[in-house]
Amino acid sequence: MMSSFKFNLASTSAYLYDWAKAIHQQGKLQTFYTGYPKFKLPDHKEFPVCSYSAIVAKNLAMIKYIPENFRPSNRDLYLSQDKAFDKRVAKNFTAAGFFIGMPGQCIKTFKRAKELGDKRILKHAMGSVKNLSEILSEEYEKRGLSLQKETPFNSSYLKQLNKEYALADAHIMASSIGKNQLIEEGVPEKSIWVIPYAANSDIFKASHSSPANSKPFSIVFAGQLSVRKGFIYLQQALEQAGQKNWACHAFGSQLNEVKQDLNSYTGKIPIKFHGAVNQAELAEAMRKADVLVLPSIEDGFGLVVPQALNCGTPCIVSDAVGAKDIITHRENGSIFPSKNSSELYDELLWWSENKKQVHSCTSWEHSARLLIKFSEELVK
């Protein structure tokens, strides 16, 4: 079995789809389980995709069309969604050798995989929840909010997470930050695999034109507008810029928890909010930008960083962003202290005076090969 093992991979979202394709190209994917509609996944007919999109679509419809006062909270909807997805995957699961699941949505499938003799891998989308909770609690309290009420990280979630940890044979983190956090939690270092994210090079690719010095200095933020992503610190940096010839574009959905932050902006630099867009639109925006900023307070990696680098766009990230692993300061981006808007402003100013295209060679094929390598070592 060990020479012919394959992977079952499950995630309610589509962000691991490109990784699943790369694993398939290595001849190692049995099934990719997703909550994303199959017809929206390019090339989905070329390899095994099992979609349970009705579960996710129901939640999205409720969030979009029913006011918050008349429906369950976003937190409760997502917790219910993850449990329903896990139940469906476990019911239809067949042995492959390895199962890769996401925290909070794989407890039943982990148990089923163990019954069938498969190894269980916990793929973390962010840093450790314990660390995240410690970091974010203060930020939520500043805003008069409760971390437990606004996020999925309540006692029930943490109880399930502990069970998933106990069943996991290995953990996948995308960065050294995440790895160190798991080690601090007591997870053995040898069971933590660092496998970085990459970008779809068919979509996220550079243009051949050089940055124009005459146009406004264009800043892009990409990601969910949430407390965790630290957008307020970009706002504060822009407020320090006065009336410079700069412009900022934000791409991503807005959570209610940051309404107060967004309304507090007093800067002269215009910020345009585009909402959530598809990958092609995001790639085009990145190509037009002079720099991407990801000022997260906590971020296990930040997929938008390799995406922007592939588009030739430098990335300014906080030192709490896992993707700092692929940033060389003032060569392909900058790293600044988390929550320090003054130092973020300094880096924005430097890049506004030193515009250039950068280069990236990250690939999902490399990440797939790393997964196979670690898995072979586990079963030797």
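Quick note: the coordinates plus some simple rules give every number you see, no bench work behind them. Treat the numbers as computed from the prediction; the structure is a model and nothing was measured. So basically every Cβ, Gly included, is an ideal-geometry build from the backbone, and we count neighbours across all protein chains shown.
General observations
- Cα centroid of the range 345-375 to Cα centroid of the range 275-319, whole Å: 10
- Taking each DSSP H run with n ≥ 4 as -39500 (n - 2.57) and averaging over every residue of the chain yields -11500 deg cm²/dmol at 222 nm.
- With a cut-off of 11 Å between beta carbons, the residues surrounding residue 135 carry a summed charge of -2, where Lys and Arg count +1 and Asp and Glu -1.
- Separation of the residue 63 and residue 25 label points, Cα + 7 Å toward Cβ, nm: 3.0
- Label assignment, Rg/Rh (Cα atoms, Kirkwood Rh) derived from the structure, set (1) 0.96; (2) 1.03; (3) 1.13: (1)
- Ascending count of other beta-carbon atoms within 10 Å, so fewest first, for 16, 9: 16, 9
- Potential lengthening of the chain between residue 380 and residue 116 amounts to 93.2 nm, from the contour at 0.36 nm per residue minus the alpha-carbon distance.
- Under-5 Å amide H pairs with residue 316, H placed in peptide plane, nonlocal only: 292, 293, 294, 334
- Order of 52, 33 under a 10 Å beta carbon neighbour criterion, fewest first: 52, 33
- Net length gained if the chain between residue 245 and residue 166 were fully extended (0.36 nm per residue, minus Cα distance): 23.1 nm
- Each part gets one Cα centre, and for the range 64-95 versus the range 212-269 those centres are 31 Å apart.
- Residues 102, 62, ranked from the fewest to the most other C-beta atoms within 10 Å, line up as 62, 102.
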